Amino acid sequence: MAAIPKPHRIAFLVPDVKIEGPDGVHEREASVLLWTACIEVCQRHPRLAVLDAEATPLFPQDGHFAPSHAGYGGRATDAFYAPTRRDEVLWLELVLSSRPGVVRLHAVGRDGKQETFDALGPKLGEQIQQVLGAWLTARGLGTLPKRFDPVSAEDVLASLRVIAPALAEQARAWSLPVAAGPTWSLRVVEDDSEVDDDEAPRETEDDGDIEQAFDREIESTIDSTLDIDPADVKAAEAGKEPKKSLTRPLVNRLPIAFKVPALRLLELALREDLTDAILMIDPAHPQAQFARFEKASVTERDFTQLRAIIASAPGWARPYELLQADDDTDAADRAAPSELEAAAAAGMAAISRPGALPALETLGDRLIEDGRADEALRLLERGVEGHNFDPAAHLALLDVHEHTDRPGARFAQAMRSSSMHGCPMDAMFPWYPDQIHIDLRAATALLEVGRLDEAIALRANRLEGREAAWPHHTRILTGWRKDPRFVAWSYAREGFFRGDEARAVEGFGRIEPGDSTDLAIFIDALVALGREDEVPLAWAQFGAGLGNDDAVARLSAAAGLMAAGEWRRGIEELWRVELTGPGRDEQVAIARCGLIMAAAPIDVIEAALGERVAIGA
């Protein structure tokens, strides 16, 4: 069976529209109306991944609503579209008048090549259908599953006469919606569970789930503030009725022709929910169906409905992001997505919108669950590259670093993130929760490389005066200060990273290696001290409980066993890593093992290969 082709990722720019006669004052509104309609019709194509309208939200410009970053002059390689990896940007050029004219579609690819497609006809909708069809044929993508509405120029103008004056008036009077309170004064999600005194030192560090819940709290709060009208907040506080809807009077006046694109434009520009009105006209409308799905509580969401939305708009990323099994989802619900389906959906979301941070985070989580931490790391590094000034991207990347078993790389990234998004030292600037969380991760990274005193000092400074509000992290700090095992563990780790292998062996002589990284440090230190004859015993004692995902310890064991003359056992461990973890970035360690294996007796290697061939390898 052939592989599913990658969707053709496109973005629509604002059309170049001219209007003859007295309706010429509505040219800007006509442009965004046709822009919305093009996105709506192309989003249902199975081979297209169209950048949705929410990705370029409408804001007032010169007294008219216009999509951010989707204006004239946008290109697939510019600062906005390049991180989203659009293959092409497209826009229409046309004249709205009673006389039929030429409709032209412009397309510019990543290579800078520009093409145009022209169409003549009696109706505007049929002309737009023709140019879109000609462009799709030229790209070998097939036809549109839903035709563009066969409206005339007069139909479009009739809709504009209803909505354009209201849009222009609201654009001139518009101000950025704000929340009732500052967005940084958020409730921080904390874990009040007690810390087990018998836990190993590593197991009392920052809880990734708690911090990811905090990140979601920030994201949902910031997103929700864009839908809050300050007047409604004040009216609710005063016990009065909120102000009347701006869109409802317009809905009843709109002509039926071209009504759905007009409703979507009102919804996008005025931030009012028109889902019911849209579904009355088009019951299968994917955006309206998705809005209804999002409104439902987590336990009441119908994943069968979400799959139907995905089937109607296969290249739309947002539904894939929600096709994930939640902790609150009923386990007996057969419609709930399986782990395999959730992983596939996360991959499709990242393919359709490779520059979207939520999609990259979701796919990264699925890859980590599958033991592919290095692939997740590459994804989130791409996310930080595209969202370097967003602290949420750095928090997500540092979460992935926890699963890579590379303390040095984690420490380096934590220091970079802290220098950019950590708490400012100037007393005149406040500290926000996301800045504090960045520095708490930096403190944990310091601990991972054995710098216990610095980790305690940094965490204590960031939590000073917040002990009651941040009990989980306060308990972590208390454990670092009072648990003597942290002293031995940090003594061993810092010694190894400073090149003093004797300290590493001495430290792990007082506290057993607790994870794959600890065991790798212990084995490497034994070899460096000339005590490779003790590696088989250490591996037999501490390596029995490791799984296939503990590649760091296995590669150190392979090198140590071969250095001790245990060639066959070393080769087996090397093969186990290469065959069970092909996605890990362990090329240097594997090459080092290969260099040591060059001294192995040829009969040992031939015997190992012969056994593999005999069993069908």
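The values are calculated or read from the model by the stated rules, or taken from the named source; none is laboratory data. Not measured: the values here are computed from a predicted model. Cβ sites come from the backbone with ideal geometry, for glycine too, and all protein chains shown count toward neighbours. Accessible surface is based on the protein model in full, side chains and every heavy atom, while ligands, DNA and RNA are left aside. Shrake-Rupley method; radii C 1.70, N 1.55, O 1.52, S 1.80 Å.
A compact table of results
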read-out: Per-region count, region 61-89, residues open to solvent by less than 40 Å² (accessible area, probe 1.4 Å) and closer than 29 Å to P165 by Cβ; value: 9
read-out: Qualifying strands (runs of 3 or more DSSP E) (wholly inside region 85-147; at least 2 residues being free of Cβ contacts under 8 Å to residues at least 40 places away in the same chain and within 18 Å of L51 (Cα to Cα)); value: 103-109
read-out: Selection within region 358-381 - touching a residue at least 40 places away in the same chain (Cβ under 8 Å) and part of a loop (DSSP other than H, G, I, E, B); value: G371, R372
read-out: Subset of region 530-547 that is farther than 19 Å from W567 by Cα and open to solvent by less than 60 Å² (accessible area, probe 1.4 Å) - its residue that is modelled with the lowest pLDDT; value: G547
read-out: One residue from A284, A291 being open to solvent by 10 Å² or more (accessible area, probe 1.4 Å) and part of a helix (DSSP H, G or I); value: A291
read-out: Selection status of D52, open to solvent by less than 40 Å² (accessible area, probe 1.4 Å), of a type outside the set (K, R), out of contact with any Gly (no Cβ under 8 Å at 6 or more places or on another chain) and more than 23 Å from A153 (Cα to Cα); value: yes
read-out: Any hit, region 118-129, residues being surrounded by 15 or more Cβ atoms within 10 Å (Cβ to Cβ), among the basic types (K, R) and more than 37 Å from the chain's Cα centre (by Cα); value: yes
read-out: Among (1) closer than 27 Å to E126 by Cβ; (2) in contact (Cβ under 8 Å) with a residue 40 or more places away in the chain; (3) not small (G, A, S) - the single one Y81 does not satisfy; value: (1)
read-out: Members of region 275-304 that are under 17 Å from T247 (Cβ atoms) and touching a Ser or Thr at 6+ places or on another chain (Cβ under 6 Å); value: A288, A291
read-out: Single residue of region 415-431 satisfying the filter (touching a residue at least 24 places away in the same chain (Cβ under 8 Å) and either buried (at least 23 other Cβ atoms within 10 Å of the Cβ) or closer than 19 Å to V384 by Cβ (or both)) that is farthest from the chain's Cα centre (by Cα); value: M415
read-out: Total residues in region 359-386, condition within 13 Å of the chain's Cα centre (by Cα) and either of a type in the set (D, E, K, R) or crowded, with 19+ Cβ neighbours inside 10 Å (or both); value: 19
read-out: Options R592, R584, R576; residue that is basic (K, R), closer than 20 Å to R406 by Cβ and surrounded by 19 or more Cβ atoms within 10 Å (Cβ to Cβ); value: R584
read-out: Enumeration of residues in region 345-357 that are touching a residue at least 40 places away in the same chain (Cβ under 8 Å) and either touching a Gly at 6+ places or on another chain (Cβ under 6 Å) or surrounded by 20 or more Cβ atoms within 10 Å (Cβ to Cβ) (or both); value: S352, R353, P354, G355, A356
read-out: Residue within region 550-569 that is open to solvent by less than 50 Å² (accessible area, probe 1.4 Å) and polar (S, T, N, Q) present; value: yes
read-out: Segments classed as strands (runs of 3 or more DSSP E), wholly inside region 1-55, with at least 2 members that are under 27 Å from the mean Cα position of the chain (by Cα) and not hydrophobic (A, V, I, L, M, F, W, C); value: 8-12
read-out: Options L279, L268; residue that is in a helix (DSSP H, G or I), modelled with pLDDT of 90 or more and farther than 22 Å from A349 by Cβ; value: L279
read-out: One residue from R462, R554 being within 32 Å of the chain's Cα centre (by Cα), part of a helix (DSSP H, G or I) and within 23 Å of D585 (Cβ to Cβ); value: R554
read-out: Restricting region 582-604 to residues that are in contact with an Asp or Glu (Cβ under 7 Å, 6 or more places away or on another chain) and more than 23 Å from L537 (Cα to Cα), the residue that is modelled with the lowest pLDDT; value: G583
